[in-house]
Amino acid sequence: MKMFSFFVVMLFCLGVFGLQEGETEMFKTPQQIHLAYTNDPTSMAVSWYTKDPSDLLGGVWYGIEQQDLGSFSSSTSLALSDGSGYYHTAVMTGLEPGRIYHYFVGSRHEFFSDVYTFRIPNPSEKVRILAFGDMGTFPRGDTTLMHSIRVHEVNPAEPHRMPTVVLQAGDLMYPFGNGGMIAAWFDAMAKVGARVPFMVAPGNRDQQDIITERFEMPMAAYGEHPEPARHNFYYSYDVNCVHFIVISTNFDTFHSNSHQYKWLKKDIEQAQQNVQDPSSSISWIVLMGHTPIYSSSDGHTQGNHELKLAIEDLLEPVTLCLWGDDHVYERSYPVFQSIADIPSNKHVLDERPSKPIHITVGTGGIDNDAWAVDQPDWSAERLITKGYLSMEAKKNSFSVAFIDRDSREVRDYFDIHENGGLNAHPLLLAGGFLLFVGLVAMFLKGKKTGKSGPGV
């Protein structure tokens with residue numbers, strides 16, 4: 001009996017200590033890893049989470065050869081205000097355009113992440129952009145779209161074909177203070193964000209401390225940021241031919257003397273000068289915020305009228321405005337102050353639009369809204385579904401397609417091609433090629449049977 005009791009006690013102790021050891025390893029191992037652009041095209045920021053402070057002396061190891069990750073950047077660490085753990089950020093520097101890099105993060109001692117791969121784009125190559133808003137996570141929304149992007153768009157074996165950047169236009173996870181929902185969303189996001197820079201705008205359902213503490217967004221592409229401690233809420237950066245602007249529509253005011261308004265005005269003016277300068281690499285301006293200023297959805301009040309009055313005068317030089325908040329897909333024609341330029345073909349613009357195109361893409365995973373009114377004159381296309389934008393920007397062309405999450409079909413598209421150039425979205429070109437091959441096959445089959453084609 002004594003021997004039996006001894007073995008019971010030993011098994012109990014081994015179980016307890018084994019569990020504690022496993023928990024310790026889990027708490028110290030880096031999680032929720034995600035990349036972000038900086039305002040230096042030769043650097044890349046990476047952030048990650050640990051349950052305990054093991055990475056306070058950690059950082060990121062990186063290099064071109066996976067077997068020789070000899071470069072190291074130390075991390076800064078922050079204790080999260082909700083007491084759930086620590087976030088760490090390091091910046092990889094001295095990166096060469098066009099190169100594929102491998103990296104891992106962790107402490108100096110024993111707890112490390114897997115090795116991940118990312119690529120720094122060449123300055124002359126196209127910018128491939130994926131965008132959506134309003135994802136959420138169970139039980140309020142779901143992260144299926146993130147899995148779809150990981151499977152269909154982010155293949156580590158083909159880094160040259162991966163997106164250049166992924167954008168989320170606010171309402172990341174609808175956390176309502178639930179730590180499990182926060183962790184679940186970040187875990188899903190990391191499947192994409194550890195390989196492709198993941199850039200966010202704050203939404204009305206996002207906790208401010210999550211935006212402030214768990215991301216490391218750039219500052220400002222031009223000049224100094226007026227509020228460095230709040231730069232994750234509004235910021236700008238350049239990637240090749242695109243100038244990206246992110247604004248805070250819910251946590252910041254836009255009166256004419258506000259920090260954000262004055263910064264936005266100056267940033268757009270400088271970007272417009274660059275677009276007009278033949279020696280500049282910048283051709284397009286893409287703005288992302290959360291609450292749309294044009295909408296026919298019943299999600300809110302058919303657009304944020306106060307915001308529209310405050311900032312629309314600044315937006316005329318912007319090519320594309322991306323929004324979330326309303327849980328629908330809606331694309332406008334080029335529109336300014338509610339007056340739209342309606343082309344003969346809503347899918348093709350033969351010249352650069354003189355007014356912004358607004359796209360609400362709050363289709364990331366949260367329950368869809370409905371339409372409040374009949375389709376307005378300024379609205380080119382609207383859909384109630386879930387999905388994301390797939391866009392490609394080149395020096396003289398910009399193509400946009402909306403991909404349905406479940407069917408993978410292109411549900412809407414448009415192309416801007418200056419100087420009469422053709423810039424159909426690659427998915428449409430692939431479909432056209434397959435159609436051509438099918439017609440040729442039918443023709444050859446008809447020749448063999450003495451028929452001249454289908455229907456004869």
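Considering only segment 73-127, how many residues are loosely packed, with under 15 Cβ neighbours inside 10 Å, under 20 Å from VAL200 (Cβ atoms) and without any contact (Cβ under 8 Å) to a residue 60 or more places away in the chain?
Residues that pass the stated criteria total 1.
Restricting attention to segment 189-201, which residues are under 26 Å from PHE104 (Cβ atoms), under 10 Å from the mean Cα position of the chain (by Cα) and outside any helix (DSSP H, G or I)?
VAL196, PRO197, PHE198, MET199, VAL200
Quick test for you: out of PHE198, PHE215, PHE233, pick the one residue that is modelled with pLDDT of 95 or more, in contact with an Asp or Glu (Cβ under 7 Å, 6 or more places away or on another chain) and not polar (S, T, N, Q).
Details: PHE198 fails: in contact with an Asp or Glu (Cβ under 7 Å, 6 or more places away or on another chain); PHE215 fails: in contact with an Asp or Glu (Cβ under 7 Å, 6 or more places away or on another chain).
From the options PHE198, PHE215, PHE233, the qualifying one is PHE233.
Please state which one of ASN257, ASN250, ASN204, ASN232 is surrounded by fewer than 17 Cβ atoms within 10 Å (Cβ to Cβ), in a loop (DSSP other than H, G, I, E, B), assigned by TED's automatic domain parsing to the domain that holds LEU130 and within 23 Å of the chain's Cα centre (by Cα). Let's see the steps before the verdict.
Values: ASN257 fails: within 23 Å of the chain's Cα centre (by Cα); ASN250 fails: surrounded by fewer than 17 Cβ atoms within 10 Å (Cβ to Cβ); ASN232 fails: surrounded by fewer than 17 Cβ atoms within 10 Å (Cβ to Cβ).
When all the criteria are applied, what remains is ASN204.
Test SER77 against the criterion of being in a strand (DSSP E or B) and over 19 Å from PHE186 (Cα atoms), and give yes or no.
Numbers: in a strand (DSSP E or B): yes; over 19 Å from PHE186 (Cα atoms): no.
Answer is no for this residue.
Go through (1) in contact (Cβ under 8 Å) with a residue 60 or more places away in the chain; (2) under 29 Å from LYS395 (Cα atoms); (3) part of a helix (DSSP H, G or I); (4) of a type outside the set (S, T, N, Q) for ARG150 and report which single condition fails.
(1)
Output yes when any residue across segment 178-188 is surrounded by fewer than 19 Cβ atoms within 10 Å (Cβ to Cβ), among the aromatic types (Phe, Trp, Tyr) and not in a strand (DSSP E or B), and no when none is.
Looking for residues that are surrounded by fewer than 19 Cβ atoms within 10 Å (Cβ to Cβ), among the aromatic types (Phe, Trp, Tyr) and not in a strand (DSSP E or B), one finds none in segment 178-188, hence no.
Which residue pairs have Cβ atoms closer than 7 Å, lie 6 or more positions apart in sequence or on different chains, and pair a first residue in segment 348-360 that is touching a residue at least 24 places away in the same chain (Cβ under 8 Å) and under 26 Å from ASP298 (Cβ atoms) with a second residue that is basic (Lys, Arg) and assigned to a strand (DSSP E or B)?
ILE357/ARG331; ILE359/ARG331
Applying the selection to segment 128-144, what residues are buried (at least 22 other Cβ atoms within 10 Å of the Cβ) and not in a loop (DSSP other than H, G, I, E, B)?
Those that are buried (at least 22 other Cβ atoms within 10 Å of the Cβ) and not in a loop (DSSP other than H, G, I, E, B): ILE129, LEU130, ALA131, PHE132, GLY136, THR137, GLY141.
The values are calculated or read from the model by the stated rules, or taken from the named source; none is laboratory data. Please read all numbers here as calculations on a predicted model, not as lab measurements. We place every Cβ from the backbone using ideal geometry, glycine too, and count neighbours over all the protein chains shown.
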